[in-house]
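Computed from the coordinates by the stated procedures, all read-outs in this text should not be read as laboratory data. The model shown is predicted, which means the values in this text are computed figures rather than measured ones. Please note: Cβ atoms are built from the backbone with ideal geometry, for glycine as well, and neighbour counts cover all protein chains shown.
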Amino acid sequence: MDKKIFIANWKSHKTKDEAIAFFEYLKDNISKLDPSSKEIVIAPPFTLLSKSRHLIDKYKLPIKLCAQNVSSFPEGAYTGEINAKQVKEFAEYVIVGHSERRKYLHEKDYDIENKVREADEVGLQVIQCVQDENSPVFKGAKIVAFEPPSAIGSGNPDDPQHIAEVFEKIKKDYPQVNLLYGGSVAPENINQFLEIDNLSGFLIGGASLEPDSFISLLNG
Ligand code: PGA
């Protein structure tokens with residue numbers, strides 16, 4: 001990956017008006033985005049994918065879209081599910097296997113493997129989250145985000161040395177994947193991670209919700 005990738009994971013945050021305000025702020029500060037050196041990706045909730053697509057296109061923002069989840073099933077009689085083909089209409093990327101989905105929605109490796117396959121089959125770029133260096137990476141996942149659960153939303157990011165060790169092990173087992181780090185990344189601490197070997201970017205939760213904070217992250 002030539003550019004570092006920065007993914008704003010909004011989780012279950014933002015209404016339509018809040019998303020509009022976010023994208024308008026980016027439009028007004030577009031000169032600070034510098035897309036030549038980074039891949040900027042926003043992962044809104046499903047309800048905002050369509051509106052976000054519209055605003056990105058309207059303001060010609062150098063931003064890609066990502067879904068936070070996808071159905072493990074294809075199109076069909078699966079009430080409440082949003083399948084990969086439907087996601088692909090709006091987004092280039094999808095996050096699969098986030099530890100919050102394991103914890104609160106009881107997702108298992110089996111579900112995650114099916115989601116990765118469904119998403120890969122329609123040409124979505126899959127970002128598979130893993131919690132440690134021993135988690136399986138499923139066929140079709142080209143980007144892996146290492147997110148230790150204790151670092152998520154805690155204000156205590158993992159130690160760069162430990163992240164480097166985990167990356168080394170994952171790379172040994174899955175040489176083809178690009179590696180991201182996620183867990184309490186913030187404007188005040190991002191610089192310490194930038195030099196980690198094999199780091200291709202970040203998955204950012206809390207610090208991506210305010211556009212000025214997200215821009216500070218992008219600019220290291
Ligand atoms: P955080 O979340 O940056 O708020 O720790 C990261 C994530 O869960 O993707």
Practice prompt. Could you calculate the FRET efficiency of Asp132 with Ser50 from 1/(1 + (r/R0)^6), where r is the beta carbon distance between them and R0 is 25 Å, rounded to 0.05?
Written response: 0.10
Worksheet item: Top mean-square fluctuation among Ile56, Ile143, Ile204, Gaussian network model of the chain, C-alpha springs under 10 Å?
Response: Ile56
Worksheet item: With no solvent and one point per C-alpha, what does the Debye sum give as log10 I(q)/I(0) for region 1-155 at q = 0.13, 0.16, 0.21 Å⁻¹?
Response: -0.62, -0.93, -1.45
Fill in: P(r) tail fraction, region 68-165 - alpha-carbon pairs more than 15 Å apart, %
61
Worksheet item: Taking Cα atoms of region 109-220, Rg/Rh with Kirkwood Rh, to two decimals?
Response: 0.97
Discussion item. Suppose we look only past 18 Å in the calculated P(r) of region 119-161. What percent of the Cα-Cα pairs does that tail hold?
Written reply: 38
Discussion item. About the Cα centre, and with charges only on the beta carbon of Lys, Arg (+1) and Asp, Glu (-1), how big is the dipole of the chain? Nearest 20 debye, please.
Written reply: 580
Worksheet item: So how far apart, in nm, are the two label points at Asn219 and Glu24 if each is 7 Å from Cα heading toward Cβ?
Response: 2.2
Response to the item:
The farthest towards the positive end of the charge dipole of the chain, of the residues Asn156, Ser208, Val70, given +1 on Cβ of Lys and Arg and -1 on Cβ of Asp and Glu, is Val70
Response to the item:
Per the rule of 0.36 nm per residue minus the C-alpha distance, extending Lys3 to Lys58 adds in nm 17.4 nm
Discussion item. Quick check: the distance between the Cα centres of region 46-97 and region 6-22, to the nearest angstrom?
Written reply: 14
Response to the item:
tail above 15 Å in the computed P(r) of region 159-220, as % of all Cα-Cα pairs, reads 48
